Structures are given as C-alpha cells and as structure tokens.
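Undergrad: Just passing along the structure, written as structure tokens.
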Amino acid sequence: MIIALVLYFGILNAPFLYDDFSYVVDNTQIREVTNAPRLWVTPYHPSGLYRPVTATSYLIDDFFFGLDPRGFHLSNLLLYLVTILLFSVVIREVGGNRSEALLASLVFAAHPVHTEAVSWIVGRAEVLAGLFCFLGLIGWARFRKTDQWRYLVLTCVAYFLALGAKEISAPLPAVLFLGEALGVFGSSNPTLFNSSLKSWTGRLRPLLRYFLVLAAVFALYLSLRIAVLGQFGIDQRSIGFAGDSAQTRWASTLFGIGHYIRLCLFPTQLRIDYMGMKLGNLFDWRVILSFGVLCVLGFLIFRFGRRAPRITFWLGWFALFLLPISNLVVQIGVFLAERFLFLPSAAACAIFGAGFVYGLSDQRQRWIRGLTGLCLIVLLCTFSFMTIVRNRDWQDPERFWRTALAQPPVSQKTHHSLGVLLWNLGKERSDPSLLDESDRVLEAGFALRSRPDWQLTNDHVLIVQDLANHYRERGHFEEAIQLYEQIIPLTQRDPALFPLGRSSVLGNYGLALERVGRLEEALSAYEQVMATGEQEHLAGAMMKAGTTLHRMGDFEGAIQRFQEAIQVNATFGEAYFNLASSLFEVKRSKEAFESLVQARQLGVSRAREYAREKAQQIINQAVVAENFGQAQQTMESLLTVVEETAQDAYSQGLWTEQLGNSDMARSHYQRALTLDPQHSEALSALERTR
C-alpha cells in the first residue's frame with residue numbers, strides 16, 4: 001500500500017481529462033444527493049452502459065468535494081489502496097503464504113498497466129469491480145471454511161455491487177466454480193485432476209444451490225440492466241468494430257488477446273488509443289503469434305492442473321475475466337484498453353508472487369535465490385519507474401495527448417483530442433503558434449481518410465467540423481465552406497455521426513456563407529436549422545436568419561424572425577438588441593428603445609452605447625427639421641435605456657425652450673447643473689431664461 005501511495009500521490013493534482021467531462025463534469029445526475037436512487041434506474045451513458053455503483057461513487061465525491069478533480073482522484077487512490085489490501089487477503093485465501101501475498105501485492109501495486117484505471121477518474125469502474133470481486137471471493141472462501149451464511153451473503157452482495165460497478169465482474173461465479181474444482185479453497189476432497197469424474201461431480205453437487213443463488217444475483221442485475229437500457233449490450237453504433245468486416249473483427253480480437261497477455265508481462269508503450277492497431281488479416285504474423293500464445297496458455301492450464309492447482313486457478317482467472325473484454329462473447333465499445341486489465345492482471349501478479357517465493361525458498365540453491373531476488377528488485381524498480389513516467393502523462397493533458405500522438409499507429413480520435421486541446425490553449429494564452437499547430441494536427445487527422453482501412457466515424461466528422469470552425473474563426477471562409485459542404489450531406493443521411501446535432505454544422509456553415517456575402521445561401525442554411533426542430537439551436541438560428549434578412553434589406557422579415565427567437569427564448573438578449581436595430585430602420589423608434597431596455601437588462605452591455613448613438617441621429621434630424629417635440633420624445637425614450645447626463649438635461653431644456661415652455665426649460669437646466677455644477681452652457685441658459 002505504501003508503494004502505491006508513493007507512486008500515485010502526484011496524481012492528486014491531475015485535472016479532469018478526456019471522458020471525465022462527459023461522465024463526471026457534465027453529468028447533472030450526480031449534482032444532488034437526492035438523485036442517488038435515480039442512478040439505479042437511469043443509464044450510466046447514452047451509448048448503453050449501466051453502472052449505478054460507479055455513478056453513485058461520483059455522486060458521493062461531488063457531495064464532499066464539488067467538481068474539484070483532486071477529490072475524485074483521492075477517492076480513486078483510496079479505493080486502489082483498499083483493493084491492494086483485499087488482493088493480499090485473496091492470495092492467502094486461495095492457499096498462498098504471507099510472503100507470496102506480500103510479493104504479489106507489491107507487483108500489483110506497482111504494475112504500470114493499472115495507471116489508466118487508477119489515474120483516470122472514469123477508470124474507477126475497474127477499481128470498484130476489482131475491489132468487490134476480491135471481497136466476494138474472500139467471502140466465498142470464508143463460507144466454505146466455516147459454513148457461516150453471513151459469508152455467503154457477503155459474497156452475493158459483493159457480486160451484485162461488482163456488477164453494478166462494471167459488467168466485467170460477471171464471470172466471478174465461474175471463477176469460484178473453478179476454484180472449487182481445483183480445491184484451492186482449502187478443501188481436502190478430490191479435485192478435477194486427481195479424481196474420477198463421478199467423485200468430482202459428487203463433491204460439487206451439494207454446492208449447486210449456492211451457485212444458483214449467485215445466478216439469481218446475476219439475473220437480478222441483468223433484469224435491472226435490460227429494464228433501464230432496453231437492451232443487453234451497448235448501442236450497435238458504439239461498438240469498437242462497428243462497420244468492420246468479420247475478418248477484421250476476428251483478427252483484431254485474437255491480436256488483442258495476445259496483446260493483453262503481453263501488457264500483463266511486459267507493460268511497455270502504454271497508450272490511450274488502440275483503435276489504430278486493428279488488423280484486417282487473419283494470417284498476419286501478430287495474429288498467428290497471439291493464437292500460439294493462447295494455445296500455450298491452454299496447455300499450461302491442463303499441464304499444471306494436477307501439480308500446481310493454484311497456478312491453474314490464476315490462469316483460469318485470467319482467461320475468465322478476459323472473456324467479457326475480448327469481444328469474443330459480446331462486442332464492446334473498444335477492442336483493446338489497458339484499464340480493462342485491472343482484474344485479469346491480478347492473475348499475472350499472483351503468478352509473479354508465487355514464482356518469486358518459489359525461487360527464494362530455502363530449498364533452492366544460493367545462486368538461484370540470489371538471481372530470483374535480483375529479478376524481483378529489477379521488476380519492482382522497472383514497474384515503479386514506468387508507473388511514475390506514465391502518471392506524469394495523466395497529470396498534464398497536453399503531455400498526455402502529445403505522448404499518444406507520438407505512438408503510431410493512431411486513430412483520428414487522438415488527432416481530434418490533441419487538436420481541440422491545442423486550440424483551447426492557444427485561445428487561452430493568445431498564442432498563434434498553438435492555433436497553427438492545432439490546425440496542423442487536425443489536418444493530419446483528416447488525411448488519415450486515405451488509409452486503406454479507414455472508416456467513417458464521428459471522430460472524422462468532429463475533425464472536419466472543428467477544422468472548418470477554425471478556418472471560419474481565422475477568416476479563411478472559403479476553405480471552411482468547402483469542409484462544411486463535405487459533411488453536411490451526412491447530417492441527414494447519418495445523423496448519429498454528429499454528437500452536437502445537425503444544427504451545429506448548418507449554423508456554422510451559414511455564418512461562413514454570410515461572411516463571404518452569399519446571403520441567400522446563408523439564409524437557407526439557417527432555415528434548415530429551424531426545420532430540424534432542435535430546440536437547443538432553434539432560437540439562435542432564428543436570430544441569425546434575422547440578421548441575414550436585415551443585411552438583405554428585408555427589415556420586416558428580420559423583425560419577424562427576431563420576435564420568433566424571443567418567443568422561443570425570452571432571455572435572449574442579442575435577439576432583443578438585433579430586433580431594435582431592425583425597428584430603427586422602419587422608424588419604429590419607441591419600440592426599438594423598449595427592445596434595447598430588455599437587451600440591457602439581459603446583459604447586452606453595448607445596448608447603452610448603441611441607444612445613445614441612434615438617439616443622437618434621430619435628435620439631430622429632428623432639430624434640423626425644427627421638430628423639437630420629436631427630439632424631446634426621443635430623449636425620453638433614450639433615458640429608459642441609459643442614465644441621464646448633464647448634457648442630456650441641457651438638450652431637453654433647449655428643445656423645451658424652443659417649444660415656448662420656459663418654466664419646463666428652466667427645470668431641465670437646473671437638473672443639468674445638479675448633475676454637473678460646472679456645466680457652463682446650462683448656467684448661461686438659466687440666466688437667459690430668468
């Protein structure tokens with residue numbers, strides 16, 4: 001536990017990163033403690049995930065820490081420490097001694113493949129699943145040794161919570177059954193490999209009712225999941241092999257299993273993005289090698305079954321917990337991810353621990369003990385160093401995504417994530433070089449469409465959309481228009497590719513068209529946005545259509561659009577402001593000033609300056625025409641928008657004096673002097689009217 005605390009302490013200062021925003025920062029369900037029951041009857045994510053235990057843990061963090069990422073990272077670290085402690089107990093429960101438990105726990109604590117699960121806030125699902133699975137196994141082992149039902153209850157509760165944390169926990173009953181078959185829970189009865197089938201099945205038959213209880217727990221979880229999601233798995237568009245051929249799926253799956261084994265033993269070149277590593281040929285040497293490794297693993301399970309049942313148990317543990325993440329049984333959202341190894345890697349750590357204890361045993365020769373001790377030190381130091389280095393990536397989003405991009409092959413997801421990050425940093429720091437680099441990264445991601453294995457995904461759409469937005473913001477309107485026109489047909493043909501909705505693309509496209517003077521086309525784009533009926537963008541599209549109609553000289557049409565925007569969103573300050581602009585054009589000044597009052601109250605700061613500018617124009621025209629009554633009315637309307645100045649009061653006095661009302665004029669001059677005692681023109685006027 002101490003080594004884990006040292007290795008992961010720096011992560012407490014890490015920010016929210018990547019999916020943390022969608023699962024935590026933007027998750028309104030975790031903002032109120034009273035929402036806790038709702039988390040059990042609502043999806044964890046729209047793509048089709050059900051993880052109420054993990055979501056509840058976020059709600060608890062938010063209650064104590066708010067949206068401070070340090071609190072969430074602290075919870076991840078504390079849960080990891082508890083999981084390490086439980087893992088050491090598991091080693092003991094399946095027959096390991098104290099030395100084996102200590103060494104296995106040290107390897108588990110330092111293993112670099114765990115960084116994604118521990119250092120990434122959304123990786124908590126893996127840690128919670130591991131914690132409750134270890135607790136469930138401990139409960140089962142104690143139940144089998146003592147026959148106390150409370151331990152069976154503990155196992156069932158832990159299993160249900162593990163499933164609620166993440167579905168990777170599903171094979172736990174199969175793992176327990178394997179342990180019973182191998183006799184690793186302390187039973188002296190015959191095992192699968194040293195008894196006849198009849199005696200073996202006879203020993204396991206009384207346990208059937210207990211496994212039926214665990215099956216009932218799984219059925220309860222499954223019924224809740226289907227009731228909430230309406231389906232068993234995730235949405236078909238969200239699976240990792242969506243659109244891939246059967247050969248690509250099987251080749252990549254076999255390669256992925258082999259790669260998981262490699263990461264457990266040699267956790268080098270850790271990365272967040274494995275989607276670019278898919279293989280499309282079943283006869284690729286990497287696929288063949290992975291298949292060979294699987295055959296060796298199967299051979300070892302049967303080879304060590306009689307001589308080393310605990311080794312066989314851990315090999316079976318690895319295989320069983322790998323099934324839910326392998327895409328062999330059920331297709332999941334990605335084909336490979338390091339955090340998925342949190343539970344399966346426990347097997348590798350346990351085998352490492354058993355191997356080191358074997359090599360350090362007094363029964364071994366001195367040189368073997370020395371070599372084993374050296375290997376142990378080298379392994380722990382290497383793993384610890386790799387964990388520290390990887391955690392430095394997790395602490396700095398820019399470093400994180402730059403590291404990901406430097407590890408080919410990469411997918412468009414990495415290019416998009418780094419491009420967006422650099423653009424935001426460039427804006428924040430007013431650094432044009434970062435803005436330029438952002439565009440280069442996105443352009444490189446866009447160029448990946450020329451790869452033979454490229455498929456259209458929402459990552460490509462996001463790259464095109466963001467690159468077009470960047471071009472538009474930087475004044476490259478024609479280039480932006482060309483990019484928008486590439487993806488606009490997809491908004492109708494395949495709307496699921498657009499997480500921000502069809503309206504966002506069409507709205508930005510209209511802005512670019514407007515800037516190059518193609519007003520009718522811009523208006524058409526805005527009208528298409530309105531036709532989608534997407535409420536989030538409806539008022540904005542109406543206002544943009546109004547501004548375009550205003551530029552085209554159709555002021556009445558603009559007024560209608562602005563009024564429609566206000567009906568949709570009564571707090572839309574910009575719509576009130578633009579409505580005033582069109583009202584001024586059709587000489588409806590009083591209504592225009594009333595609209596500016598609303599704009600000012602809704603936070604449009606330039607409403608005051610604009611009101612004074614328009615009032616001055618109207619007043620000047622009225623004075624030239626000697627229409628002092630209109631000038632006075634305009635000033636009264638202006639003063640509903642702005643604070644009166646001494647000059648305003650003096651001007652009202654002049655116009656009132658011209659209308660023959662000297663007493664009223666004097667009151668205006670006196671108010672001017674109240675506002676500014678040194679106003680010389682007001683002093684002179686006051687003397688003149690005595």
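The values are calculated or read from the model by the stated rules, or taken from the named source; none is laboratory data. As the structure is a computational prediction, the values presented were derived from the model and not from experiment. Note: ideal-geometry Cβ built from the backbone for every residue, glycine included; neighbour counts use all protein chains shown. The area values use the complete protein model at the heavy-atom level, side chains included, leaving out ligands, DNA and RNA. Shrake-Rupley method; radii C 1.70, N 1.55, O 1.52, S 1.80 Å.
Undergrad: Run Ile332 past the list (1) surrounded by 21 or more Cβ atoms within 10 Å (Cβ to Cβ); (2) closer than 19 Å to Val107 by Cβ and report the number of the one that doesn't hold.
TA: So Ile332 meets the others, but not (2).
Undergrad: So, one more: Name the one entry in Val420, Val441 that is in contact (Cβ under 8 Å) with a residue 40 or more places away in the chain and farther than 13 Å from Arg474 by Cβ.
TA: On the way: Val441 fails: in contact (Cβ under 8 Å) with a residue 40 or more places away in the chain.
One residue alone meets the criteria, Val420.
Undergrad: Would you tally the residues in the range 351-367 being farther than 19 Å from Arg307 by Cβ and either among the aromatic types (Phe, Trp, Tyr) or surrounded by 12 or more Cβ atoms within 10 Å (Cβ to Cβ) (or both)?
TA: First, pick out the residues of the range 351-367 that are farther than 19 Å from Arg307 by Cβ: 360, 362, 365-367.
Subset that is either among the aromatic types (Phe, Trp, Tyr) or surrounded by 12 or more Cβ atoms within 10 Å (Cβ to Cβ) (or both): 360, 367.
Residues that pass the stated criteria total 2.
Undergrad: Same structure again: Looking at (1) open to solvent by less than 30 Å² (accessible area, probe 1.4 Å); (2) within 30 Å of Gly553 (Cβ to Cβ), find the lone condition where Thr689 falls short.
TA: Every listed condition holds for Thr689 apart from (2).
Undergrad: Restricting to the range 613-646, name every residue that is surrounded by 15 or more Cβ atoms within 10 Å (Cβ to Cβ), in a helix (DSSP H, G or I) and of a type outside the set (S, T, N, Q).
TA: The answer is Lys614, Ala615, Ile618, Ile619, Ala622, Val623, Phe628, Ala631, Met635, Leu638, Ala646.
Undergrad: Something else about it: Name the pairs whose Cβ atoms lie under 7 Å apart, with the first residue in the range 375-403 and under 17 Å from Leu263 (Cα atoms), the second small (Gly, Ala, Ser), and 6 or more positions between them or separate chains?
TA: Qualifying pairs under 7 Å: Leu380/Ala110; Phe383/Ala110; Ser384/Ala110; Thr387/Ala110; Asn391/Gly10; Asn391/Ser119.
Undergrad: Then there is this: In the list Thr674, Thr656, which residue meets the criterion of being buried (at least 20 other Cβ atoms within 10 Å of the Cβ), part of a helix (DSSP H, G or I), of a type in the set (Val, Ile, Thr) and at pLDDT 75 or above? Step through it out loud before you land on a result.
TA: On the way: Thr674 fails: buried (at least 20 other Cβ atoms within 10 Å of the Cβ).
Being buried (at least 20 other Cβ atoms within 10 Å of the Cβ), part of a helix (DSSP H, G or I), of a type in the set (Val, Ile, Thr) and at pLDDT 75 or above holds for just one of Thr674, Thr656, which is Thr656.
Undergrad: While we're here: What is the residue count in the range 89-110 for residues that are in a helix (DSSP H, G or I) and open to solvent by less than 30 Å² (accessible area, probe 1.4 Å)? Lay out the reasoning, then the answer.
TA: Here is the first cut: in the range 89-110, the ones in a helix (DSSP H, G or I) are 89-93, 98-110.
Okay, now just the ones that are also open to solvent by less than 30 Å² (accessible area, probe 1.4 Å), so 90-91, 93, 100-101, 103-105, 107-110.
The qualifying residues number 12.
Undergrad: Go through the range 425-442 residue by residue and tally those that are under 22 Å from Arg271 (Cβ atoms) and surrounded by fewer than 22 Cβ atoms within 10 Å (Cβ to Cβ). Please lay out each step first, then the result.
TA: Quick first cut of the range 425-442, residues under 22 Å from Arg271 (Cβ atoms) only: 425, 437-438, 440-442.
Applying the additional criterion that residues be surrounded by fewer than 22 Cβ atoms within 10 Å (Cβ to Cβ) yields 425, 437, 440.
Total satisfying the criteria: 3.
Undergrad: Looking only at the range 228-251, filter to residues that are in a helix (DSSP H, G or I), in contact (Cβ under 8 Å) with a residue 24 or more places away in the chain and within 25 Å of the chain's Cα centre (by Cα); which one of those is surrounded by the fewest Cβ atoms within 10 Å (Cβ to Cβ)?
TA: If we take residues in the range 228-251 being in a helix (DSSP H, G or I), in contact (Cβ under 8 Å) with a residue 24 or more places away in the chain and within 25 Å of the chain's Cα centre (by Cα), then Arg237 is surrounded by the fewest Cβ atoms within 10 Å (Cβ to Cβ).
Undergrad: So how many residues does the range 275-291 have that are open to solvent by less than 30 Å² (accessible area, probe 1.4 Å) and either without any contact (Cβ under 8 Å) to a residue 24 or more places away in the chain or hydrophobic (A, V, I, L, M, F, W, C) (or both)?
TA: So the count comes out to 2.
Undergrad: Still on this structure, please answer the following. Of the residues Phe477, Phe400, which is of a type in the set (Phe, Trp, Tyr), modelled with pLDDT of 90 or more and within 30 Å of Glu521 (Cα to Cα)?
TA: On the way: Phe400 fails: within 30 Å of Glu521 (Cα to Cα).
Testing whether each residue is of a type in the set (Phe, Trp, Tyr), modelled with pLDDT of 90 or more and within 30 Å of Glu521 (Cα to Cα) leaves just Phe477.
Undergrad: Shifting gears a bit: In the range 529-542, how many residues are part of a helix (DSSP H, G or I) and either without any contact (Cβ under 8 Å) to a residue 24 or more places away in the chain or open to solvent by 30 Å² or more (accessible area, probe 1.4 Å) (or both)?
TA: Taking the range 529-542 as the starting set, the residues that turn out to be part of a helix (DSSP H, G or I) are 529-532, 535-542.
Filter again for either without any contact (Cβ under 8 Å) to a residue 24 or more places away in the chain or open to solvent by 30 Å² or more (accessible area, probe 1.4 Å) (or both), leaving 530-532, 535-537.
Adding up the residues that qualify gives 6.
Undergrad: Any idea which residue in the range 307-329 is farthest from Phe291 (Cα to Cα), counting only those that are of a type in the set (Val, Ile, Thr) and open to solvent by 10 Å² or more (accessible area, probe 1.4 Å)? Working first, answer last.
TA: So the first thing to find is which residues in the range 307-329 are of a type in the set (Val, Ile, Thr), and the list is 311-312, 325, 329.
Imposing the further condition that a residue be open to solvent by 10 Å² or more (accessible area, probe 1.4 Å) reduces the set to 311, 329.
Numbers: Ile311: 21, Val329: 17 Å.
Only one residue tops the list, namely Ile311.
Undergrad: Shifting gears a bit: Report, by residue number, each residue of the range 178-214 that is open to solvent by less than 50 Å² (accessible area, probe 1.4 Å), under 26 Å from Asn97 (Cβ atoms), at pLDDT below 70 and not hydrophobic (A, V, I, L, M, F, W, C).
TA: Answer for the range 178-214, where residues must be open to solvent by less than 50 Å² (accessible area, probe 1.4 Å), under 26 Å from Asn97 (Cβ atoms), at pLDDT below 70 and not hydrophobic (A, V, I, L, M, F, W, C): Ser187, Thr191, Ser195, Arg203.
Undergrad: Continuing with this model, one more query. Restricting to the range 450-474, and then to whatever is without any contact (Cβ under 8 Å) to a residue 24 or more places away in the chain and over 14 Å from Trp423 (Cβ atoms), can you tell me which residue is least open to solvent (accessible area, probe 1.4 Å)?
TA: Of everything passing the filter in the range 450-474, Val464 is least open to solvent (accessible area, probe 1.4 Å).
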